[in-house]
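Here's the structure, in structure tokens; my notes come after.
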Amino acid sequence: MSAELRKKPRPQQRKTPRKTPRIHLERGAPDRILPKHFVPVLTRRYLPVLALTYVSSVVGIAFKKDDFEKYLLEDQFAYAMALLPALWISVPAVLWIILRGSHLFNHVANIWYVITAVLMTLTLLLSFLLIPEADFQGARTYLVATIPMMLVMYFFFVQAPL
């Protein structure tokens, strides 16, 4: 009887197997610092959308000012302020590129792009409600214009096959 009491009960097996990331390593592949598809993702997905965002921000900022031609061709204000939307839209994209290149986290890269973009959009919209007076040179207005670009990047990054 004491032997039966000392026996530990077996843990019950899970009905559904635990989901684990699938890691595909190539035997004999050269070592890389950057992920395998880093350069094509950077040149075919990230840089075109970033350039489109920057150019459209420059044109939009110059159009919002009184003298369109002066702000577009002569003044550096539009070019300096257009860096802010370009950097803002880069956050989810760079996070997606880093996670997509990882062996352990490539299966969650798409959902983290969506989570990051939604959190950034909510932060921007809440800033209009909570601190309406904190608008530096119209920067929040330029950042609102990046919301459609996040949708464009979603289809370029997440939905397009690699």
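All of the numbers you see were taken from the coordinates with simple rules; none came from a lab. Being a predicted model, the structure only gives us computed values, none of them experimental. With ideal geometry, Cβ positions are generated from the backbone for all residues, glycine too; neighbour counts draw on all protein chains shown.
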(message) Given points 7 Å out from each Cα along the Cα-Cβ axis, report the ILE33 to VAL152 separation in nanometres with one decimal.
(response) 3.2 nm
(request) Figure the gain on full extension for GLU26 and GLN137 (residue separation times 0.36 nm, minus the Cα-Cα span) and round it to one decimal in nm. (result) 34.8 nm
